[in-house]
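*Asks:* Sharing a structure here in structure tokens format.
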Amino acid sequence: MTAISTFLAHLLALYCVFVQPVLGSYSYRRLKQNLQADQHARVSFYVRGIVAKWFWVLAVVIVLLTAGQSIDAIGLVDPTNSLFAFAWIAVFLLFILGTVIGYRVLIRDPEQYKSIEEEVAVKLLPTSPGERWLWVVAAVTAGVCEEVLYRGFLYYYFNLLFPGINALLLILLSGLIFGLGHFYQGRQGVLITGAMGALLMAAFVTTGSLFIPIVIHVLVDLRALFFVRPKEVVDPS
């Protein structure tokens with residue numbers, strides 16, 4: 001490690017903990033305001049998010065380069081335990097299937113579905129064919145970039161600060177910081193995403209590969225395409 005690399009790592013960690021929650025909340029408030037008057041507001045929100053997340057990856061790469069490290073340092077390697085890798089993916093596939101089926105059962109109630117339509121109109125989910133295609137790009141971007149930052153980088157950073165850090169503590173810290181990054185979703189959103197972040201770090205730690213949480217993250221985000229069918233959603237404009 002060099003002094004510049006350590007300094008940049010500290011800055012990036014501070015960004016994760018303190019800056020991203022504020023920026024995320026600001027962007028989400030602006031989205032809700034703009035949706036009332038701009039039918040393309042959600043597309044702009046997706047594009048800005050995609051660009052910003054790739055800057056996260058660039059920042060992590062700069063930290064590694066200045067430290068003389070390769071991408072192996074953040075876990076971009078083959079799994080060390082294939083059994084755990086397949087198990088994690090299988091469990092999350094069952095989770096995804098269960099939530100999609102459960103949602104479909106839930107929205108059979110017309111009144112319940114109407115309330116969901118109204119809620120979707122001011123939230124992140126895509127409500128048009130064009131938005132759905134862009135959501136795919138956003139989901140892949142989130143899966144790659146958020147895992148590089150919140151799992152790969154934090155794993156590298158905390159092991160840098162506390163060599164041999166306890167795995168459970170590492171998992172909990174990752175979940176906490178990831179949850180804070182979704183502060184704009186409210187208390188429930190922080191708890192849900194925090195739990196998801198902890199599970200994704202557990203998948204990383206037990207398999208030794210960042211590719212496993214990346215795959216899981218992408219699949220979880222793509223679930224949204226099954227939750228909202230454009231022809232059935234009211235245009236908020």
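Bear in mind these aren't lab numbers, they're just calculated from the coordinates by the rules spelled out. Keep in mind that this is a model prediction, so the values were computed, not measured. Cβ placement follows ideal geometry from the backbone for every residue including glycine, while neighbour counts extend to all protein chains displayed.
*Asks:* Note the angle between two axes, namely the Cα long axis of helix 211-222 and the longest principal axis of the Cα atoms of the chain, as a number of degrees from 0 to 90, rounded to the nearest 10.
*Replies:* Approximately 10 degrees, to the nearest 10.
*Asks:* Fewest Cβ neighbours within 10 Å first, please rank M201, M196, M1 accordingly.
*Replies:* Ordered by Cβ neighbours within 10 Å, fewest first: M1, M196, M201.
*Asks:* Separate question: What ranking of F92, F7 emerges when the number of other C-beta atoms within 10 Å of each C-beta is taken as an exposure proxy, fewest first?
*Replies:* Least to most surrounded, the residues fall as F7, F92.
*Asks:* Relative to the longest principal axis of the C-alpha atoms of the chain, give the angle of the C-alpha long axis of helix 129-147, reported between 0 and 90° and rounded to the nearest 10°.
*Replies:* For helix 129-147, the angle is close to 20 degrees.
*Asks:* With r defined as the distance between the Cβ atoms of L76 and A37 and R0 fixed at 45 Å, what FRET efficiency is calculated, to the nearest 0.05?
*Replies:* After rounding, the FRET efficiency stands at 0.60.
*Asks:* Okay, moving on. Got a sec to turn the phi values of region 187-197 into Karplus ³J(HN,Hα) couplings, 6.51 cos²θ - 1.76 cosθ + 1.60 with θ = phi - 60°, whole Hz, x for Gly and Pro?
*Replies:* Per residue, the Karplus-derived 3J(HN,Hα) values read 4, 5, x, 4, 5, 5, 5, x, 5, 5, x Hz.
*Asks:* Does anyone have the angle between helix 20-34 and the longest principal axis of the chain? Alpha-carbon axes, 0 to 90°, nearest 10?
*Replies:* That works out to roughly 20 degrees.
*Asks:* Sticking with this structure for a sec: Label 7 Å along Cα→Cβ of T6; region 128-167 residues with amide nitrogen under 13 Å?
*Replies:* Output list for this probe position: 160-163.
*Asks:* Could you run the Debye sum over the Cα atoms of region 171-218, one equal point scatterer each and no solvent, and tell me log10 of I(q)/I(0) at q = 0.20, 0.23, 0.27, 0.32 Å⁻¹, two decimals?
*Replies:* -0.58, -0.73, -0.89, -1.05
*Asks:* How large is the charge dipole for the chain, taken about the Cα centre, if only the Cβ atoms of Lys, Arg (+1) and Asp, Glu (-1) carry charge, to the nearest 20 debye?
*Replies:* Its charge dipole is roughly 280 debye.
*Asks:* Which whole-Hz couplings ³J(HN,Hα) result when phi for each residue of region 94-100 is put into the Karplus expression 6.51 cos²θ - 1.76 cosθ + 1.60, θ = phi - 60°, listed in order with x for Gly and Pro?
*Replies:* For region 94-100, the Karplus curve yields 5, 4, 4, 4, x, 5, 5 Hz.
*Asks:* Cut-off is 10 Å between beta-carbons; in what order do F45, F153, F204 appear when sorted fewest neighbours first?
*Replies:* The most exposed by this proxy come first: F45, F153, F204.
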